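Below you'll find the structure, written out as structure tokens, and then a few comments.
The values are calculated or read from the model by the stated rules, or taken from the named source; none is laboratory data. Here the structure is a predicted model, which is why all the values come from computation and not from measurement. Using ideal geometry, Cβ is built from the backbone for each residue, glycine included, and neighbour counts are taken over all protein chains shown. With ligands, DNA and RNA removed, areas are computed over all heavy atoms of the protein, side chains included. Shrake-Rupley method; radii C 1.70, N 1.55, O 1.52, S 1.80 Å.
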Amino acid sequence: MEENNQEKKGTGESSDSLTNRQGHPVTDNQNIRTVGSRGPSTLENYDFIEKISHFDRERVPERVVHARGAGAHGYFEAYGKVGDEPIAKYTRAKLFQEEGKRTPLFVRFSTVAGAMESPETARDPRGFAVKFYTEDGNWDLVGNNLKIFFIRDAMKFPDMIHAFKPDPVSNLSNPERMFDFLSRTPEATHMVTFLFSPWGIPANYRQMQGSGVNTYKWVNKDGEAVLVKYHWEPLKQGIKNLTQKEAEQIQGKNVSHATQDLYEAIERGDYPEWELCVQIMSDDYHPELDFDPLDDTKLWPTDKFPFLKVGKMVLNKNPENYFNEVEQAAFGTGVLVDGLDFSDDKMLQGRTFSYSDTQRYRVGTNYLQLPINAPKKRVATNQRGGQMSYHVDLAPGQSPHTNYEPSVIGGLKEAEQVGKVHEPHYNDKLVREKIDRTNDFGQAGETYRSFEDWERDELISNLVDALKVCRPEIQDKMIEYFTNADEDYGRRVKEGVANAMEMRNDTTHTSTAEADEATDKAKQMGHEADPY
């Protein structure tokens, strides 16, 4: 039986005494050791050196994307059906099968492009990543609040993020960089339409939707597969978005309003809830559609592929430590359990390598041994060593000498395959080609026309503010895209940009027009002071 080490006390210790990481009682945490009260410090300042050297290493590398985030614990409760049908017809994933079955989970919400301390009022997609601790191991559903994306091929992801990040020379955000990329990426027109509307700034994390964005598969016991898209819909808290003016007012007083809102709601027992819905489509070409169903820049029409409810998520516990649970939480689109599978979505294929790879770099080789990332079930592997390995994944009775498979001397063995394996058939050339049904502007126009008048007004205003600092060739190409989507859409942006350009006093800029103006105001408004 293990001893309770927390009850063991050293000389002079009480139950609340400070120790160092070696367990030594710290008797003076106020002063370093020096030669006399004013003399030099000595090298054997062990408590100080341990304390300051750990402090120097308190941060792991920041996420390249989704750096700014908040998180919470909760559970998923299954309905046992998909819509009105037994869910086993489509998937054998255990967490969905029984009505009322609860699976613990952890959620991390985030912004995408900003750094760790960036404001949560930014016009930016919001990350919506859920880690389900299922009885078959972890399932990560990694997505965003918006249901589509800017690009359809993972090859362009580093370019896209570089364009959205600050200038590598000035370190200033500049919308011309973003629209330089977007003006040569016509498939992004639909996402741009959402992002620059009020949907680009959710009021907070609780009052926003979530989506898996990419297309996945469900597989049943017979190995038969269907395509699925996942959607999180707020249950009791509703959906709220902010205008640019409202966001600026909030940002002037609080750059962490969404983190604060989520934390305080859970602390007072007002637990946010989302319903998980799926859209289901047969796994084939679907010639009746004017787009490829694997294209993540497109929405699946709900009149043909309705939202079907499969369960709900409740967030009811805040993290006990932000760094351990939110910052070190590691998600990956390749983390699927039996009954769930990959589609041939090109973005999903690229994300599946990238997400887990970045966790190994950022948190470490053994990131899955951290409590927030570890599955809540048995783990038995032949993976050994690496930085920060603090236990060995041994099965009961496994020989610690046998770290390979196959073996007849006490090693691990393969598990039994229960359901039939899904084996899609391929017979085509290996090529580098885009999909043949791009239809880059049709849904962008539909989305524009579906907005309320005030949402269209806000969209045009935000686009004009961003485009007025861009070169004419960038402006012209974006206006062409908007016109292709909807004539009124393009005309209004064109007129707005023309009016804005007439009012500009100069043609040089290094950031947004508003940032340039604020920089000048700071020089004019500053109060002079004498040196001291």
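Quick one: is Thr358 without any contact (Cβ under 8 Å) to a residue 40 or more places away in the chain and of a type in the set (Ser, Thr, Tyr)? The answer is no for Thr358.
Lys240 satisfies every condition listed in (1) under 23 Å from the mean Cα position of the chain (by Cα); (2) modelled with pLDDT of 95 or more; (3) crowded, with 16+ Cβ neighbours inside 10 Å except (3).
Report yes if Glu275 is part of a helix (DSSP H, G or I) and either under 20 Å from the mean Cα position of the chain (by Cα) or within 28 Å of Arg206 (Cβ to Cβ) (or both), otherwise no.
Considered against the rule, which asks whether it is part of a helix (DSSP H, G or I) and either under 20 Å from the mean Cα position of the chain (by Cα) or within 28 Å of Arg206 (Cβ to Cβ) (or both), Glu275 comes out as no.
Taking the numbered list (1) over 21 Å from Val228 (Cα atoms); (2) touching a strand residue (DSSP E or B) at 6+ places or on another chain (Cβ under 6 Å); (3) of a type outside the set (A, V, I, L, M) in turn, Tyr79 passes all entries but (1). When the stretch 55-79 is limited to residues that are open to solvent by less than 20 Å² (accessible area, probe 1.4 Å) and either aliphatic (A, V, I, L, M) or free of Cβ contacts under 8 Å to residues at least 40 places away in the same chain (or both), the one that is nearest to Lys94 (Cα to Cα) turns out to be Ala78. For Val337, indicate whether it is surrounded by 15 or more Cβ atoms within 10 Å (Cβ to Cβ), part of a loop (DSSP other than H, G, I, E, B), out of contact with any Lys or Arg (no Cβ under 6 Å at 6 or more places or on another chain) and among the aliphatic types (A, V, I, L, M). Yes. Any residue at all in the stretch 292-300 that's within 21 Å of Tyr90 (Cβ to Cβ), touching a strand residue (DSSP E or B) at 6+ places or on another chain (Cβ under 9 Å) and open to solvent by less than 40 Å² (accessible area, probe 1.4 Å)? Looking through the stretch 292-300, at least one residue is within 21 Å of Tyr90 (Cβ to Cβ), touching a strand residue (DSSP E or B) at 6+ places or on another chain (Cβ under 9 Å) and open to solvent by less than 40 Å² (accessible area, probe 1.4 Å).
Look at the stretch 409-438: where a residue is hydroxyl-bearing (Ser, Thr, Tyr) and a partner is at pLDDT 90 or above, sitting 6+ places away or on another chain with Cβ atoms under 7 Å, you get Thr438/Glu187. Looking only at residues of the stretch 112-123 that are touching a strand residue (DSSP E or B) at 6+ places or on another chain (Cβ under 8 Å) and surrounded by fewer than 24 Cβ atoms within 10 Å (Cβ to Cβ), we find that the one that is nearest to Pro371 (Cα to Cα) is Val112. Test Arg68 against the stated conditions and say whether it is of a type outside the set (Val, Ile, Thr) and modelled with pLDDT of 90 or more. So Arg68 passes the test.
Show the residue pairs meeting these rules: Cβ distance below 7 Å; 6+ apart or different chains; first residue within the stretch 252-273 and farther than 19 Å from Gly69 by Cβ; second residue assigned to a loop (DSSP other than H, G, I, E, B). Between residues of the stretch 252-273 that are farther than 19 Å from Gly69 by Cβ and residues that are assigned to a loop (DSSP other than H, G, I, E, B), the close pairs are Glu273/Leu235; Glu273/Lys236. Listed by first and then second residue, the pairs with beta-carbon distance under 8 Å, at least 6 apart or on different chains, first residue in the stretch 186-199 and over 10 Å from Thr297 (Cβ atoms), second modelled with pLDDT of 95 or more and among the small types (Gly, Ala, Ser), are Val192/Ala444; Thr193/Ala444; Thr193/Ala485; Phe194/Gly200; Phe196/Ala466.
Criterion applied to Gly223, Gly200, Gly212 was being on the phi > 0 side of the Ramachandran plot and modelled with pLDDT of 95 or more, and the one residue passing it is Gly223. Scanning the stretch 158-196 for residues that are assigned to a loop (DSSP other than H, G, I, E, B) and surrounded by 15 or more Cβ atoms within 10 Å (Cβ to Cβ) returns Lys165, Pro166, Leu172, Ser173, Asn174, Ser183, Thr185, Phe196.
Mind checking whether some residue in the stretch 516-527 is over 26 Å from Asp153 (Cβ atoms), open to solvent by less than 90 Å² (accessible area, probe 1.4 Å) and either in contact with a Phe, Trp or Tyr (Cβ under 8 Å, 6 or more places away or on another chain) or not in a helix (DSSP H, G or I) (or both)? Yes, the stretch 516-527 has at least one match. Filtering the stretch 370-379 to residues that are in contact (Cβ under 8 Å) with a residue 24 or more places away in the chain and either small (Gly, Ala, Ser) or open to solvent by less than 60 Å² (accessible area, probe 1.4 Å) (or both) leaves Leu370, Ile372, Asn373, Pro375. Answer yes or no as to whether Ala225 is farther than 26 Å from Val107 by Cα and in contact with a strand residue (DSSP E or B) (Cβ under 6 Å, 6 or more places away or on another chain). For Ala225, the condition - farther than 26 Å from Val107 by Cα and in contact with a strand residue (DSSP E or B) (Cβ under 6 Å, 6 or more places away or on another chain) - is met. The requirement of being among the β-branched types (Val, Ile, Thr) and surrounded by 11 or more Cβ atoms within 10 Å (Cβ to Cβ) is not satisfied by Val408. Consider the stretch 293-323 and keep the residues that are among the hydroxyl-bearing types (Ser, Thr, Tyr) and in a loop (DSSP other than H, G, I, E, B). The one that is nearest to Asp440 (Cα to Cα) is Thr297.
Checked against (1) open to solvent by 20 Å² or more (accessible area, probe 1.4 Å); (2) part of a loop (DSSP other than H, G, I, E, B); (3) closer than 30 Å to Phe342 by Cα, Gly419 passes all but a single condition, namely (1).
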